[in-house]
Amino acid sequence: MKYYAAELCDRGTVAVDDMVLVKDAPATAGSRILEGFTPLFSAEAVTRLEEKGYSVSGKTHVGEFGLDLVGEFSYYQPAEGELKGAAAELVASGAVQAALGVDMNGAPRRAAALSGVSFLKPTYGTVSRYGVISCAASGEQLGVYAATAAGISEIMGVIAGHDEKDGTSLRQKEYDYSIEKNINGKRVALVKELLALADDATRARVLAFADALKKQGVSVEEISLDWTDHANTAWQILMTAETCNNVSRYDGVKFGHRAAEYKNIDELYVNTRTEGFNFLTKSVILYGSDVLSKNRYKDCYDKSLRVRRVIAERFEKLMAEYDAILTPVCKNTSYQPYEIRQAFGKVFEESVFTAIPNLIGTPALSCGGVQLMGKQFSEGTLLSLAAGVEKEGN
């Protein structure tokens, strides 16, 4: 497997996935539609890293617009053998200290779990999205891959903070990413409905993580949540609607791929997008168009916005009782290549584990092959819990 879409520095310390802009480096988001596009500026997170002495090793392959499971449907790097994420594998191999990735629908968290590394999707608005190729702006967030909780803490301390160039950036300048919080006496909830959806190996991994937490004095209690499916459905509707709107800018006129044959402007648009988007992206566009249509808007899109508010309220109430939520991050411990026409359904099924944090903007940490979710700005608690398990050798 080739990890890099563009190699930039032999001794680079941090990799950047191809949804994140690096000045003068090709940026394709894994799609033919952006073939040949080179940005004139870097993402704010990249700039902050470079100012602190980190160097970018290169741009890693991603699935087209981050819509697939772990990056298997990149136009430039078709999947072969067991499915793995390029950035996660680079971190796992020790080739780079850390990597940046855009979490829109859980793909980086799944990739981290499959490769045995960690990925933090931070609280929405804490890391600038300036310089990210945006698809679902209300839920996507730039996050960090690293081998350990300490590695994530280090990079987050550099890239987090207010950015005037990003309208969604929160005003707070500093956040707590400590891994040394006392976790003795913390309460963690284990969601039985999500655990039941996972295979035997994944369930064993989650239960082993829970046991390691208990050895650190953490209370782990099984709970029932009857709204995880609702959260997933709402996020898939919002995500597809926003993606449909955002990718409409790719028309073959200003940059990226342009169809060679067309007779008028309508044919230019149609032929360019037909050639430039893969089947999964086209499916997302069609679904997003449908839920935004006049006949479906109120019942689908508008209702999903209301569900988002309800889920946020229920999650806040739950987090008044617990310090973190423990779940699988994906159904299986490994995935094999599959036909792209199955992708929309497969991603929907897997997103039931990851949708809540994207829907309501809360942090989620994929670590040890499992997922920890917390309330807003609780990254320090999640990282400390992960660090405690690392001490136990899990």
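When we screen 318, 365, 305 for residues that are touching a strand residue (DSSP E or B) at 6+ places or on another chain (Cβ under 8 Å) and surrounded by fewer than 20 Cβ atoms within 10 Å (Cβ to Cβ), the only hit is 318. For segment 38-46, the count of residues that are modelled with pLDDT of 95 or more and on the phi > 0 side of the Ramachandran plot is zero. Mind listing just one residue for me: the one in segment 42-75 that is under 15 Å from residue 99 (Cβ atoms) and β-branched (Val, Ile, Thr) and, of those, nearest to the chain's Cα centre (by Cα)? That would be 70. The requirement of being surrounded by fewer than 19 Cβ atoms within 10 Å (Cβ to Cβ), in contact with a Cys (Cβ under 7 Å, 6 or more places away or on another chain) and closer than 24 Å to residue 121 by Cα is fulfilled somewhere in segment 237-248, by at least one residue. A single entry from 283, 334 fulfils the requirement of being within 23 Å of the chain's Cα centre (by Cα), among the polar types (S, T, N, Q) and not in a loop (DSSP other than H, G, I, E, B): 283. Of 263, 298, all but one fail to be at pLDDT 95 or above, part of a helix (DSSP H, G or I) and over 21 Å from residue 73 (Cα atoms); the exception is 298. Taking every residue in segment 92-106 that is on the phi > 0 side of the Ramachandran plot and pairing it with any residue that is of a type in the set (Gly, Ala, Ser), at least 6 positions away or on another chain, the pairs with Cβ-Cβ distances below 9 Å are 94/147; 106/351; 106/355; 106/364; 106/366.
For every residue, the table says whether it meets (1) of a type in the set (Val, Ile, Thr); (2) outside any loop (DSSP other than H, G, I, E, B).
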{"residue": "157", "(1), (2)": "no, yes"}
{"residue": "162", "(1), (2)": "no, no"}
{"residue": "168", "(1), (2)": "yes, no"}
{"residue": "173", "(1), (2)": "no, no"}
{"residue": "178", "(1), (2)": "no, no"}
{"residue": "190", "(1), (2)": "no, yes"}
{"residue": "193", "(1), (2)": "no, yes"}
{"residue": "207", "(1), (2)": "no, yes"}
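Considering 390, 349, the condition of being closer than 21 Å to residue 192 by Cα and assigned to a helix (DSSP H, G or I) is satisfied by 349 alone. Taking the conditions (1) on the phi > 0 side of the Ramachandran plot; (2) over 22 Å from the mean Cα position of the chain (by Cα) in turn, residue 161 satisfies each one other than (2). Please verify whether residue 236 is part of a loop (DSSP other than H, G, I, E, B), closer than 28 Å to residue 372 by Cβ, under 25 Å from the mean Cα position of the chain (by Cα) and not aliphatic (A, V, I, L, M), treating the condition exactly as stated. Spelling it out, it is not the case that residue 236 is part of a loop (DSSP other than H, G, I, E, B), closer than 28 Å to residue 372 by Cβ, under 25 Å from the mean Cα position of the chain (by Cα) and not aliphatic (A, V, I, L, M). Residues that are surrounded by fewer than 22 Cβ atoms within 10 Å (Cβ to Cβ) and either of a type in the set (Phe, Trp, Tyr) or over 27 Å from residue 37 (Cα atoms) (or both) within segment 249-267 comprise 255, 262, listed in sequence order.
Of all residues in segment 59-88, those satisfying the criterion of being buried (at least 24 other Cβ atoms within 10 Å of the Cβ) and either more than 24 Å from residue 250 (Cα to Cα) or touching a Pro at 6+ places or on another chain (Cβ under 6 Å) (or both) are 85, 86, 87, 88.
The values are calculated or read from the model by the stated rules, or taken from the named source; none is laboratory data. Model, not experiment: these values are computed from the prediction. A quick note on method: Cβ atoms are made from the backbone with ideal geometry, for glycine too, and the neighbour counts reach across all protein chains shown.
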